[in-house]
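One structure is given below, encoded as structure tokens.
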Amino acid sequence: MSDLEARGWTTFDPDPRMQAWADAARKQALVRIDDAANAQWLRCGGTWFVGVNLLDTHPDGACDGVALAGPAIDVLAHTGASPTAWDRAQVSVIYPGYPKPGVGETAAAARYRRDRDAAHVDGLLPMGADRRRVLGEAHGFILGIPLTTAEAQASPMIIWEGSHKIIGPALSDVLRPHPPARWPDIDVTEVYHSARRACFDGCPRRVVTVPVGGAYLIHRHALHGVAPWEDGARAAPEGRMIAYFRPEIPMMRWPVTVAPPPAGVFAPR
């Protein structure tokens, strides 16, 4: 079984091709972050720049003419998991002091962000005043590409290892009786919260860091979040900057576990 299917995440060592893409993405990101038109992405008291779809990346993933390439992209192509068209990359930037309370954020939400790393599963969107969860977006995977250097204590990615084996089946049980066209209307709040608690209780909390030029893949059902910035942690002056691709797949494929890639493709690290 692949590392991704077994653990819910895997990492890739630095590669010159990915380093070139990260350099191009960082240059473009810095310009866009400084653009006043993007000020609405600054959250958590100025300690988190969300940057959804910030980069003007090409459908093939290229950024300013630099191809999206490297070991992670090779594996996705080898396993048939590469999207027909890549989404525009998000650029998430965490700054020292994260997380400060955000405007309009409840005390409970601020505690959850601080104490549970704002753990979530992508695509399960909170809707309405009661923030009921529905499958609003079906992502195939999450690909994280660091754009700046940062110490492991500077708000790293957190993953609950094996959580995809709890979240995926729980959601499938709720969604399977309904046609995929109706899934965005099905309230999954209770089963999601119950599965999330089971992950907190039974899954190891892992810190995931890779240097610039590397990358990491996260299973679409994996519970993940971002840790608070520890006092004294160091990072580049621009903050801990990560580019994320989250390409969407047909809704009907989202809650079903796909066949693992060929043996040895994802090597444990």
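Some observations on this one:
- Scope region 30-45; condition assigned to a helix (DSSP H, G or I) and farther than 22 Å from E248 by Cα; matching residues: L30, V31, R32, I33, A36, A37, N38, A39, Q40, C44, G45
- Selection within region 181-194 - of a type in the set (D, E) and either touching a residue at least 60 places away in the same chain (Cβ under 8 Å) or part of a loop (DSSP other than H, G, I, E, B) (or both): D187
- Of all the residues in region 88-102, those that are in contact (Cβ under 8 Å) with a residue 60 or more places away in the chain and surrounded by fewer than 19 Cβ atoms within 10 Å (Cβ to Cβ) number 2.
- Qualifying residues in region 103-113 (those that are among the charged types (D, E, K, R) and at pLDDT 95 or above) - the one most open to solvent (accessible area, probe 1.4 Å): R111
- Flag for R116 being open to solvent by 50 Å² or more (accessible area, probe 1.4 Å), among the basic types (K, R), within 18 Å of the chain's Cα centre (by Cα) and within 25 Å of A29 (Cα to Cα): no
- For region 137-167, filtered to residues that are more than 16 Å from the chain's Cα centre (by Cα) and farther than 27 Å from A62 by Cα, the residue that is surrounded by the fewest Cβ atoms within 10 Å (Cβ to Cβ) is A152.
- Number of the exception - M252 against (1) open to solvent by 40 Å² or more (accessible area, probe 1.4 Å); (2) of a type outside the set (F, W, Y); (3) in contact with a helix residue (DSSP H, G or I) (Cβ under 6 Å, 6 or more places away or on another chain); (4) more than 30 Å from D56 (Cα to Cα): (4)
- Top-ranked residue in region 195-226 [being open to solvent by 10 Å² or more (accessible area, probe 1.4 Å) and part of a loop (DSSP other than H, G, I, E, B); ranked as nearest to C44 (Cα to Cα)]: T209
- Filter pass, V134 being assigned to a strand (DSSP E or B) and either open to solvent by 10 Å² or more (accessible area, probe 1.4 Å) or closer than 24 Å to V93 by Cβ (or both): yes
- Annotation: of all residues in region 119-131 being open to solvent by less than 80 Å² (accessible area, probe 1.4 Å) and without any contact (Cβ under 8 Å) to a residue 12 or more places away in the chain, the one that is nearest to L147 (Cα to Cα) is P126.
Okay, residues lined up against (1) modelled with pLDDT under 95; (2) buried (at least 20 other Cβ atoms within 10 Å of the Cβ); (3) not charged (D, E, K, R):
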{"site": "D23", "(1), (2), (3)": "no, no, no"}
{"site": "I33", "(1), (2), (3)": "no, no, yes"}
{"site": "T47", "(1), (2), (3)": "no, yes, yes"}
{"site": "V50", "(1), (2), (3)": "no, no, yes"}
{"site": "T57", "(1), (2), (3)": "no, yes, yes"}
{"site": "G65", "(1), (2), (3)": "no, no, yes"}
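- All positions within region 30-48 that are within 19 Å of the chain's Cα centre (by Cα) and either farther than 17 Å from A154 by Cβ or among the charged types (D, E, K, R) (or both): W41, L42, R43
- Residue within region 46-62 that is at positive phi and either free of Cβ contacts under 8 Å to residues at least 12 places away in the same chain or assigned to a helix (DSSP H, G or I) (or both) present: yes
The values are calculated or read from the model by the stated rules, or taken from the named source; none is laboratory data. As the structure is a computational prediction, the values presented were derived from the model and not from experiment. FYI the Cβ positions are ideal-geometry reconstructions off the backbone, even for glycines, and counts take in every protein chain you see. Calculation scope for accessible area: heavy atoms of the full protein, side chains included, ligands and nucleic acids excluded. Shrake-Rupley method; radii C 1.70, N 1.55, O 1.52, S 1.80 Å.
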